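Below is one structure, written out as structure tokens; comments come after it.
The values are calculated or read from the model by the stated rules, or taken from the named source; none is laboratory data. All values reported here derive from a predicted model rather than from experimental measurement. So basically every Cβ, Gly included, is an ideal-geometry build from the backbone, and we count neighbours across all protein chains shown. Calculation scope for accessible area: heavy atoms of the full protein, side chains included, ligands and nucleic acids excluded. Shrake-Rupley method; radii C 1.70, N 1.55, O 1.52, S 1.80 Å.
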Amino acid sequence: MHWLAWLAIVDGCLAVCAQFSRKVGYYRRLLRFGVCALFASIVTLLTLPALWAVGKRASGNWVAGRAFYYSTLVLLGISVEIEGEELLDQACPCVLVGNHQTMFDLIMLGRVFPKQTVILAKRSVSHYPFVGWFMRLSDDIFISRGNKQSSSDMFKKASEELKSKNVSVWFFPEGTRG
């Protein structure tokens, strides 16, 4: 049987069990969240060659964000309302600073992420399957936390990215959540 059919069967079983247990409902939403992340990563990996061809490689993060946001809208029913969204595109290139303390932050980021923006992330993320792959292919910047030389080099690289490629850089100063 096709893996998508198995996923639908598991989701249906979890939906029934969730009527009797809030914990099962949580795990069902978590599974759907993971499916959305996987979907967004695959869409981005498939889209990146076309973005490379037109010189918009850094827009891979925008594709991932929108694919993730719209899939969570459908599978989880979560929507985000943005005020002043047009200001993001007018201000670019720029340095953006974002909150990233919970998984819900990713949904908001997916909704507002501007085109031609790279992410500054910890080096370990570059090794994650799918997510790390598209982030590396989107020219994101990876640093080693705790290494002062790496942090200094990171800021130099981020400023060079802004100038030479006319892209924005988004980073999350709050760091590790756990």
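Key figures for this structure:
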item: Residue in the stretch 96-104 that is touching a residue at least 24 places away in the same chain (Cβ under 8 Å) and part of a helix (DSSP H, G or I) present; result: yes
item: Sole exception among (1) under 24 Å from LYS157 (Cβ atoms); (2) within 11 Å of the chain's Cα centre (by Cα); (3) open to solvent by 50 Å² or more (accessible area, probe 1.4 Å) for MET103, by number; result: (1)
item: Number of positions in the stretch 51-71 that are touching a helix residue (DSSP H, G or I) at 6+ places or on another chain (Cβ under 9 Å) and not in a helix (DSSP H, G or I); result: 1
item: Residues (surrounded by 11 or more Cβ atoms within 10 Å (Cβ to Cβ) and not aliphatic (A, V, I, L, M)) located in the stretch 6-33; result: ASP11, GLY12, CYS13, CYS17, SER21, GLY25, TYR26, TYR27, ARG28, ARG29, ARG32, PHE33
item: Lone unmet requirement of (1) closer than 25 Å to LEU46 by Cβ; (2) open to solvent by 50 Å² or more (accessible area, probe 1.4 Å); (3) modelled with pLDDT under 80; (4) of a type outside the set (Gly, Ala, Ser) for GLU161; result: (2)
item: Residue count for the stretch 73-95, restricted to those that are in contact (Cβ under 8 Å) with a residue 40 or more places away in the chain and in contact with a helix residue (DSSP H, G or I) (Cβ under 6 Å, 6 or more places away or on another chain); result: 3
item: Only one of LEU88, LEU51, LEU75 that is modelled with pLDDT of 90 or more and over 16 Å from ILE107 (Cβ atoms); result: LEU51
item: Test: residue in the stretch 77-85 that is in a helix (DSSP H, G or I) and open to solvent by less than 80 Å² (accessible area, probe 1.4 Å); result: no
item: Subset of the stretch 116-131 (residues that are buried (at least 18 other Cβ atoms within 10 Å of the Cβ) and closer than 22 Å to LYS156 by Cα); result: GLN116, THR117, VAL118, ILE119, LEU120, ALA121
item: Which listed residue is open to solvent by 30 Å² or more (accessible area, probe 1.4 Å) and more than 29 Å from ASP11 (Cα to Cα), from ALA50, ALA58; result: ALA50
item: Hits in the stretch 27-51 - residues which are within 12 Å of ALA67 (Cβ to Cβ) and without any contact (Cβ under 8 Å) to a residue 24 or more places away in the chain; result: LEU46, THR47
